[in-house]
Amino acid sequence: MKSPLLSLPGAVPAEGRDEGVAAHYGDLFREQRTLADGTGFVDLSHRGVVAVSGDDRLSWLHLLLTQHVSELPAGQATDALILSANGHIEHALYLVDDGETVWVHVEPGTQAELLAYLESMKFFYRVEVADRTEDIAVVHLPAGSIAEVPEGVVVRETSHGRDLFLPRADLESFASSHGPAAGVLAYEALRVEAHRPRLGFETDHRTIPHEIGVIGSAVHLQKGCYRGQETVARVHNLGKPPRRLVFLHLDGSEVHLPGHGTPVRLAADGEEGRQLGFVTSSARHHELGPIALALVKRNVPVDADLVAGTTAAAQEVVVEP
């Protein structure tokens, strides 16, 4: 869905999976500093919104998700995954219960598939599932923001900020009173800095939760059965994941950032060396310069110098080998 905030001065549309909102409003680094200082907001109205209501909503979701949500207190935010039977990540859900409804936001364009899966699992449970993307928009307020939230708006508060489930009709009036606006490139740079994985970027068709460091934050190890739990338990108790997420400091002299999927190799082996992984996300950070996240083979030495495409990269451990 195309956001009305693309009409704001300086707005440059985002491309790819973030199409529909602004990439930036003319000054990427200023927008990052604004968010880092706890001011402004980010238009995430392209994200999908799903609402789950009914008396059985929490106990039912508890059976389907990797997170313990059966006694989730109203107003407490949490993350959760839906896995395949083999333990691979299929959906990432960012949710909060308001006492009557569980509000979920998900990656753009994934809500229809999620909704179809949830509908297929309703059986005799007293739940109703609805796609609310057309009338509810996600807006992000950064950590430290003291901006007033409009009355009646559901808020999902986390350590990195507040996600608002705002009526889409109120987007423009919200922007006029809560500016300045920051684009998704600024939001993404801070996400990469914080090592927060994103579905479809840090994940592919075979990613398991251990590889991207979400055990605990999105996967509860002491809850009951759910699809894919056997893989989670087996890797946790008996083994190690085949890959691990790393943070990369990139050579600042390069003009272009290595894009998603760029091969990662040992610097000592050069461009002809064996591929050990790939870049998942990259960004230009207002303090750190060019940075990236990457998935690499678990046995890559933690002190090894790497190269992402043709760009030299020094790694920091995110997931222990």
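The values are calculated or read from the model by the stated rules, or taken from the named source; none is laboratory data. As the structure is a computational prediction, the values presented were derived from the model and not from experiment. Using ideal geometry, Cβ is built from the backbone for each residue, glycine included, and neighbour counts are taken over all protein chains shown. With ligands, DNA and RNA removed, areas are computed over all heavy atoms of the protein, side chains included. Shrake-Rupley method; radii C 1.70, N 1.55, O 1.52, S 1.80 Å.
What list of ³J(HN,Hα) couplings, whole Hz, do you get for the stretch 247-260 from phi and the Karplus terms 6.51, -1.76, 1.60, once you set θ to phi - 60° and write x for glycine and proline?
In residue order, the calculated couplings are 9, 10, 8, 9, 4, x, 7, 6, 6, 9, 7, x, x, 4 Hz.
Among Ala283, Ala22, Ala74, which one moves the most in a GNM of the chain with springs linking Cα atoms closer than 10 Å?
Residue with maximal mean-square fluctuation among Ala283, Ala22, Ala74: Ala74.
For Thr158, what residues show an amide H to amide H distance below 5 Å, using hydrogens built from the backbone and excluding near sequence neighbours?
Under 5 Å from the amide H of Thr158 lie the amide H atoms of Asp163, each far enough along the sequence or on another chain.
Springs between alpha-carbon atoms under 10 Å, Gaussian network over the chain: tell me which of Asp37, Asp303, Asp163 tops the mean-square fluctuations.
Result for the chain, Cα springs under 10 Å: Asp303 fluctuates most.
Would you mind calculating the gained length between Asp55 and Glu128 on full extension (0.36 nm times residue separation, minus the Cα-Cα distance), in nm to one decimal?
Result: 25.3 nm gained on full extension.
How much of the pair distance distribution for the stretch 89-154 lies past 18 Å, counting alpha-carbon pairs only, in percent?
48
May I ask you to derive the FRET efficiency for Ser173 and Glu119 from their Cβ-Cβ distance with R0 = 51 Å, giving the value to the nearest 0.05?
Using R0 = 51 Å, I get an efficiency of 0.90.
Using a 1.4 Å probe on the protein heavy atoms, what percent of the accessible area of the chain belongs to carbon and sulfur?
Of the solvent-accessible surface of the chain, carbon and sulfur hold 50 percent.
Which of Val232, Ala267, Pro242 sits farthest toward the positive end of the charge dipole of the stretch 225-286, with +1 on the Cβ of Lys and Arg and -1 on the Cβ of Asp and Glu?
My answer, from the dipole projection, is Val232.
Tally Lys/Arg at +1 and Asp/Glu at -1 over every other residue whose Cβ is under 10 Å from the Cβ of Ala137; what's the total?
-1
Taking a quarter of the surface of the convex hull around the Cα atoms of the stretch 34-130, what do you get in nm²?
Directional mean of the projected Cα hull area for the stretch 34-130 stands at 7.2 nm².
Aspartates and glutamates near Lys2 by alpha-carbon distance under 12 Å, same-chain residues fewer than 8 away left out - which ones?
Within the straight-line cut-off, Lys2 pairs with Glu15, Asp18, Glu19, Asp43, Glu134.
Using a Förster radius of 30 Å, what is the FRET efficiency between Leu6 and Glu254 based on their Cβ-Cβ separation? Nearest 0.05, please.
0.50
Can you work out the accessible area per residue across the chain, with the rest of the protein chains kept in place, probe 1.4 Å, in square angstrom? Kindly include the intermediate steps, with their values, before the conclusion.
Values: 14330 Å² over 321 residues.
Value for the chain: 45 Å² per residue.
Which whole-angstrom value gives the distance between the alpha carbon centres of the stretch 116-194 and the stretch 214-247?
27
For Leu288 and Gln229, calculate 0.36 nm times their separation in residues minus their Cα-Cα distance, and state this gained length in nm to one decimal.
Extending this stretch completely gives an extra 17.5 nm.
Could you estimate the translational diffusion coefficient of the stretch 75-192 from the Stokes-Einstein equation, with Rh from the Kirkwood formula over C-alpha pairs, at 20 °C and 1.002 mPa s, in whole µm²/s? Show your work: numbers first, answer last.
Values: Rh = 15.9 Å.
This corresponds to a translational diffusion coefficient of 135 µm²/s.
Per-residue counts of other Cβ atoms within 10 Å, averaged by peptide: what ranking do you get for 100-109, 269-278, 183-192, highest first?
183-192, 100-109, 269-278
Going by average Cβ density within 10 Å per residue, which order do the peptides 234-244, 6-16 take, highest to lowest?
234-244, 6-16
May I ask for the equivalent-ellipsoid semi-axes of the stretch 183-232, computed as the square root of five times each C-alpha gyration tensor eigenvalue and listed largest first in whole Å?
26, 12, 8
Across the Cα atoms of the stretch 193-266, what radius of gyration and what greatest pairwise Cα-Cα distance (Dmax) are found, in Å?
Cα-based Rg and Dmax for the stretch 193-266 come out at 15.2, 50 Å.
How many percent of the alpha carbon pairs in the stretch 1-79 exceed a separation of 18 Å?
59
Points 7 angstrom from Cα along the Cβ direction at Glu71 and Leu238: gap in nanometres?
According to this spin-label approximation, the distance is 3.1 nm.
Relative contact order, percent, of the stretch 174-321 when contacts are C-alpha pairs under 8 Å separated by at least 6 residues?
Worked out over the stretch 174-321, it gives 28 percent.
What dipole magnitude, in Debye to the nearest 20, does the chain give about its Cα centre under +1 on Lys/Arg Cβ and -1 on Asp/Glu Cβ?
860
Would you calculate a helix-derived [θ] at 222 nm for the chain, using -39,500 (n - 2.57) for each DSSP H run of n ≥ 4 and dividing by the full residue count, to the nearest 500?
That comes out to -5000 deg cm²/dmol.
Quick one: which residues, 5 or more positions from Thr133 or on another chain, have an amide H under 5 Å from its amide H? H modelled 1.01 Å from N in the peptide plane, none for Pro or chain starts.
Amide H neighbours of Thr133: Val49.
For the stretch 206-321, compute the orientation-averaged projected area of the C-alpha convex hull (one quarter of its surface), in nm².
If I average the Cα hull's projected area over directions, I get 8.1 nm².
Which value, to two decimals, describes the C-alpha radius of gyration of the chain once divided by 2.2 N^0.38 Å? Let's see the in-between values first.
Values: Rg = 19.9 Å, N = 321, 2.2 N^0.38 = 19.7 Å.
Ratio of Rg to 2.2 N^0.38 Å for the chain: 1.01.
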